[in-house]
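Worksheet: the structure to be examined is printed underneath.
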Amino acid sequence: MAARFLDRLKATYQYYHRAMGNVLLVAVPAAALVAVALLAPEAEPTMVAIVGRLRELRYAHLFLAVFLPAAAATVYLVMRPRAVYLVDYACFRTAPNCRVPFATFLEHARQVPTLTERSVRFMTRLLERSGLGEETCLPPAHHYIPTYKYCTLEAARAEVDLVVFSAVDELFAKTGVSPDDVDVLVVNCSLFCPTPSFVDMIVNRYKLRSDIRSMHLSGMGCSASLIAIGLARNLLQVAPHGARALVVSTETITPNYYVGNERAMLLPNCLFRIGGAAALLSTSPAKARFRLKHVVRTLTGAEDSAHHCVFQEEDEHGSIGINLSKDLMTIAGNALKANITAIAPLVLPASEQLKFALAFIARKALSGRVKPYIPDFRAAFEHFCIHAGGRAVIDELQRSLCLSDEQVEASRMALHRFGNTSSSSVWYELAYVEAKGRMRRGDRVWMIGFGSGFKCNSAAWECISPARDADGPWATSIHRYPVDIPDVLKH
């Protein structure tokens, strides 16, 4: 404990020492100039003129001219937001024994007595058009027949142990960081919120410190990972320099198997699959792989339609599920426009910002009769990690942002290989880009997530050090991708 305290004290001292060093770079030359001017009567004519002028000034003026700016620079350097870095990340690697081909999924569905044959045919058509492949995985409880009888609280906790601890174990192994060095812990899981919470389970498993700052975000939907990143960034601002934050993102599938026949509530059964990710953030650039540039959050929940478009509820027979509104894509498009408006000035080059600003002013002046200008974000980012919520989500963003097939490839392939892994999907997509060897130092990455509420959240990253190899969730399958995904998969 004493050694850890001394390490943190040393890190804090080094931070303020560097800050004061920067101030001295400004103050010392200025003070030296004043001293030379006052003490060098035999200087060259220009210096003599300066000397004469300075000698006319009062000492108060000298103080205001030299030391006050130095004090202001000190305050700025100490109070400015610290840069936050991504040290590394790890995704849960699905096992072959958890694989659920379409035929297996549909056979299990037929064994649920409350599901009608009409509902099974609907799910069959949905799967054929979903963009999912035959290698997506479900948790162990979903491999029993009938599935709903094995979706217990104990089975849900077992899924958390499998997914979360596997990802965190791999992250600690990759970074070489000890659990004892984690200062902040943020976990997000929307639909499963047990007592004790996820953070308590992680603290107990890894014996984390008693003074750790911890948060469990629930009910925040598929964009919650970016919310967790933003929260961890804010907590790191008030922690000692060099502090580390562990962010864990997952969605527990086990307790959320819908057994009714409402079509809008059957969609999550077909699309969501097991997955999770862990990321380590720090305010120290040592061994960092990415720098966090911006986090922009947009919430449209003040509108009733947006608030209810992804809604957990009971159907007429009392079966609980997630109801996805038919207006979901329209609402997602509106949330994306609001998010673009917020992030565009932060990331776009000046030429694109000018076009965007002129179009925005014209729309306001002409009461919306001017078509909105969609900025070319390809000038701001080299890579796009769009939440793999479904084929329709990816199609809509590709159209709205005028992206090429290659720029949405990571999202389509993540959906095909892993399914909709909720908030962790953007990390599987980042892992795909790196496994393909496409990431370069200085490349910029845009993560975009959508979630209940309704939310559209963005995170902008800059690559510092690309991955050295393709090890990760794609290690056993990257050589087979990309694959052609037909509009309708017949099997």
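The values are calculated or read from the model by the stated rules, or taken from the named source; none is laboratory data. Please read all numbers here as calculations on a predicted model, not as lab measurements. We place every Cβ from the backbone using ideal geometry, glycine too, and count neighbours over all the protein chains shown. Just so you know, the surface numbers come from the protein's heavy atoms only, side chains and all, with ligands and any DNA or RNA stripped out. Shrake-Rupley method; radii C 1.70, N 1.55, O 1.52, S 1.80 Å.
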Query - Pair list, Cβ < 6 Å and 6+ apart or interchain, from the range 276-293 residues that are free of Cβ contacts under 8 Å to residues at least 40 places away in the same chain and under 26 Å from Arg93 (Cβ atoms) to residues that are in a loop (DSSP other than H, G, I, E, B) and open to solvent by less than 10 Å² (accessible area, probe 1.4 Å) - result: none
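Conditions (1) assigned by the TED database to the domain that holds Gly219; (2) among the β-branched types (Val, Ile, Thr); (3) open to solvent by 60 Å² or more (accessible area, probe 1.4 Å); (4) not in a helix (DSSP H, G or I), marked per residue:
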position	(1), (2), (3), (4)
Met123	yes, no, no, no
Leu126	yes, no, no, no
Glu135	yes, no, no, yes
Ile145	yes, yes, yes, yes
Ala155	yes, no, no, no
Val164	yes, yes, no, no
Glu170	yes, no, no, no
Requested in this report: With the condition kept exactly as written, say whether any residue in the range 404-415 is basic (Lys, Arg) and without any contact (Cβ under 8 Å) to a residue 60 or more places away in the chain.
Outcome: no
Query raised in the report: Of all residues in the range 346-373, how many are modelled with pLDDT under 80 and either among the aliphatic types (A, V, I, L, M) or within 20 Å of Ala414 (Cβ to Cβ) (or both)?
Result: 2
Report task. Would you please name the residue that is farthest from Glu316 (Cα to Cα), looking only at residues in the range 110-119 that are assigned to a helix (DSSP H, G or I) and touching a residue at least 40 places away in the same chain (Cβ under 8 Å)? Result -> Arg118
Query raised in the report: Glu396 passes all but one of (1) in contact with a helix residue (DSSP H, G or I) (Cβ under 6 Å, 6 or more places away or on another chain); (2) closer than 27 Å to Cys98 by Cα; (3) open to solvent by 40 Å² or more (accessible area, probe 1.4 Å); which number fails?
Result: (2)
Query raised in the report: Do you know which of the residues in the range 177-196 that are in a loop (DSSP other than H, G, I, E, B) and in contact (Cβ under 8 Å) with a residue 60 or more places away in the chain is surrounded by the most Cβ atoms within 10 Å (Cβ to Cβ)?
Result: Cys189
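Return the residue satisfying two criteria in turn: it lies in the range 432-445 and is farther than 15 Å from Ser465 by Cβ and either small (Gly, Ala, Ser) or assigned to a loop (DSSP other than H, G, I, E, B) (or both), and of such residues it is most open to solvent (accessible area, probe 1.4 Å). Please lay out each step first, then the result.
If we filter the range 432-445 for residues that are farther than 15 Å from Ser465 by Cβ, which is where we start, we get 432, 435-436.
If we keep only those that are either small (Gly, Ala, Ser) or assigned to a loop (DSSP other than H, G, I, E, B) (or both) too, we end up with 435-436.
Values: Ala435: 20, Lys436: 65 Å².
Among those that are farther than 15 Å from Ser465 by Cβ and either small (Gly, Ala, Ser) or assigned to a loop (DSSP other than H, G, I, E, B) (or both), it is Lys436.
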Report summary line: Scanning the range 314-329 for residues that are open to solvent by less than 90 Å² (accessible area, probe 1.4 Å) and without any contact (Cβ under 8 Å) to a residue 12 or more places away in the chain gives Gly318
Report summary line: Of the residues in the range 471-491, those that are outside any loop (DSSP other than H, G, I, E, B) and either among the aromatic types (Phe, Trp, Tyr) or open to solvent by 50 Å² or more (accessible area, probe 1.4 Å) (or both) come to His479, Arg480
Query raised in the report: Take the residues of the range 129-167 that are more than 15 Å from Pro268 (Cα to Cα) and charged (D, E, K, R): which is modelled with the lowest pLDDT?
Result: Lys149
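Does Thr298 qualify as being in contact (Cβ under 8 Å) with a residue 60 or more places away in the chain and part of a strand (DSSP E or B)?
On the way: in contact (Cβ under 8 Å) with a residue 60 or more places away in the chain: yes; part of a strand (DSSP E or B): yes.
So Thr298 fits the description; yes.
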